[in-house]
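Written out below as C-alpha cells is the structure these notes cover.
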Amino acid sequence: MSIDYEPGRGRYRVRWREHGSQRSRRFLNRSDAEAFAASLQPAPEPSPAPPPAEPDGRGVYAYATTAGQRWRLLYRQSDGTLTTRRGFESRAAAVAARAAAVDAVRRGQLKVVSRATFAECWSKFLELKRPYVTAGTLQDYATHGRKRLLPWFGGLPIAAIDEDRVRDWLDEMLELISDGELSPKTVNNARTCLSMTLGEAVRRGHLDHNACRHVPGLPEERRELDYLRLDEIERYLEACGDFYRPLAEFLIGTGARISEALAVRWPDADLETGVVRVSRQRARTTPATVATKGKRFRSVQIGPRLVATLQQVRDERAVARRPDGGWLFLCPPPLRGRYSRRTEPVAPNRRTAHDWHEWALEDAGLRDMPLHALRHTAATAWLATGHPLMFVQRQLGHRSITTTEEHYGHLESSFVRLAAAQTEALIASAARMTRRQAA
C-alpha cells in the first residue's frame, strides 16, 4: 500500500493490491487519503472448495470457517428431500451423527414436519380417488369437504391435526345433530372422509399417525326399513299411471336403483332368458350415464310377468313407430307442461320418477315412503317367498353378503323356518333308520 501526490491533478492517490489486482483511489487532501488507507484491511483469501463426497458414500463434507475447519453432513428425509446439518468440529462426529439420522429415518422415528395444509391434502385426496370411484361418490366426498371438513380444518397444517382437534370437530358436529341439522350417519360419513385424508397424509410422511383411528364413529340408530308388503304391491301398481307402471314393475321385479333403471337400454334386456344386465346408471345432474355404484356389473333374473310387460312396451312402440332412442323407459309423449318442448326421446329425469312414485302412493292410499323403498320391496318379497340371502345379494349387486345380511337378514324368516323344519325331519329320519336296523 502506498500514498503519493499527483501535481498535475492536485490529488493524493492511495494504491493497494486486492485479490492479486492493483487498485487505486484519489482524495483532495492527505488526511482523507491516510484515513482511507488506515481503514483498509487485507482481504481474506478465498475459502478452499469443499472436497468431493467421501469415497465410502457417507455424505460428510469439510468446509472452512474463520474459526477453522468444520464438517457438515447430508441425508435424505422421510419425504424424499435432502437436508444438511453443519458445525461439526470433527469428521468422526459428523459421520456418527449422519448414521444416527439415517437410522432414525429408516425406522420411522424421524419425520419431516410438513407445511402442507389440510386443504391442500384434501385436494390431492380427491384427485387420487377420482379414477377409482363413481362420479356420484366423488361428489359426495366433495360435499362433505365443502360443508363439514374444510370450514374447520382447511387452513390448518396437516401436521397439526391431532386427536384433540378431531374430537373438537366431532363436538361441533354433535351440536348440529342435536339441532336436527345433521344425522349421525352423515357425520360418520364425513369422519370417514377425514380419516382417509389423514391416512393418505401418513402414507406420504406428512403425519406420524392417523388421529381418527382413536376417535370412533358415532352410534347410529338402526331404523326399520319401510317397503310395500306383499298385499300392497298390486294396489300400488294399479295406482301407477300408464307412463309409470312399466318402470314401477321393473323396480319391484329387479330391485334396481332408480338411477340404474333409467340407464337400461334394450340391448341390456334379454327377454328370451329373462335376464337384465345392469352396468350403468343415470348421472345426478345430466342425462349422461356413468358406471354403477362401485363400478360393478351384474345380471338380474326377472320373472315372466315383467318379461311380458317389457315385451308389450316394445311391441306397442313398434306398432306406433315411436322412436325410443334405445331406452326401455321414456318420458310421456309431448303433450303439455314439462314435456311439451321435448323433441327427442329421452329417459325420465330421476326427480320426475320420484314425483310419479309419490302420486302413486297418494292415489293408492298408502303411507309415504321414498322411491328407494321399492328396492327394499324387491328384497323382502324374495325373502318372503323362501329365497336365500345369497340370491338377494346377487340380484341387488351387493359387494358382500354381509351388507345384505345387515339390511335384510332379520327378514329371512321363511328360509329359517324351512331350514329348522328340514333339520328336525332329518334327525327324526335318522332315528327311525337306527331303530329299524336295531330291530
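Couple of notes before you dig in:
- The single condition among (1) open to solvent by less than 50 Å² (accessible area, probe 1.4 Å); (2) under 30 Å from residue 134 (Cα atoms) that residue 277 does not satisfy is (1).
- Lone unmet requirement of (1) modelled with pLDDT under 90; (2) open to solvent by less than 60 Å² (accessible area, probe 1.4 Å); (3) in contact with a helix residue (DSSP H, G or I) (Cβ under 8 Å, 6 or more places away or on another chain) for residue 98: (3)
- Filter result for residue 376 (within 26 Å of residue 293 (Cβ to Cβ), touching an Asp or Glu at 6+ places or on another chain (Cβ under 8 Å), surrounded by 10 or more Cβ atoms within 10 Å (Cβ to Cβ) and at pLDDT 80 or above): yes
- On inspection, residue 269 fails the criterion of being modelled with pLDDT of 90 or more, open to solvent by 50 Å² or more (accessible area, probe 1.4 Å) and of a type in the set (A, V, I, L, M).
- Lone qualifier among 251, 262 - being hydrophobic (A, V, I, L, M, F, W, C) and at pLDDT 95 or above: 251
- Count of the range 112-169 residues which are among the basic types (Lys, Arg), under 11 Å from the mean Cα position of the chain (by Cα) and over 27 Å from residue 83 (Cα atoms): 2
- When residue 370 is tested against (1) in contact with a Phe, Trp or Tyr (Cβ under 8 Å, 6 or more places away or on another chain); (2) modelled with pLDDT of 85 or more; (3) not aliphatic (A, V, I, L, M), exactly one condition is not met: (1).
- Selection count where residues are among the polar types (S, T, N, Q), more than 17 Å from residue 267 (Cβ to Cβ) and modelled with pLDDT of 90 or more, scope the range 305-351: 2
- Where residue 195 falls short, out of the listed (1) open to solvent by less than 100 Å² (accessible area, probe 1.4 Å); (2) in contact (Cβ under 8 Å) with a residue 24 or more places away in the chain: (2)
Each row is one residue, and each column tells you yes or no for (1) farther than 30 Å from residue 370 by Cα; (2) of a type in the set (D, E, K, R).
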site: 169; (1), (2): yes, no
site: 178; (1), (2): no, no
site: 221; (1), (2): no, yes
site: 226; (1), (2): no, yes
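- Within the range 71-80, if we keep just the residues that are modelled with pLDDT under 80 and open to solvent by less than 60 Å² (accessible area, probe 1.4 Å), the residue that is nearest to residue 206 (Cα to Cα) turns out to be 78.
- Filter pass, residue 183 being over 17 Å from the mean Cα position of the chain (by Cα) and hydroxyl-bearing (Ser, Thr, Tyr): yes
- Cβ separations smaller than 8 Å between residues 6+ apart or across chains give the following pairs from the range 202-222 residues that are modelled with pLDDT of 85 or more to residues that are assigned to a loop (DSSP other than H, G, I, E, B): 202/208; 202/209; 202/210; 211/161; 211/162.
- Restricted to the range 135-172, and to residues there that are of a type in the set (Ser, Thr, Tyr) and modelled with pLDDT of 90 or more, the residue that is surrounded by the most Cβ atoms within 10 Å (Cβ to Cβ) is 141.
- The range 250-265, residues that are surrounded by 23 or more Cβ atoms within 10 Å (Cβ to Cβ) and of a type in the set (Ser, Thr, Tyr): 254
The values are calculated or read from the model by the stated rules, or taken from the named source; none is laboratory data. This one's a predicted model, so the numbers in the text were calculated from it and none came from an experiment. Glycine also receives a Cβ, built like all others from the backbone with ideal geometry; neighbour counts cover every protein chain displayed. Accessible surface is based on the protein model in full, side chains and every heavy atom, while ligands, DNA and RNA are left aside. Shrake-Rupley method; radii C 1.70, N 1.55, O 1.52, S 1.80 Å.
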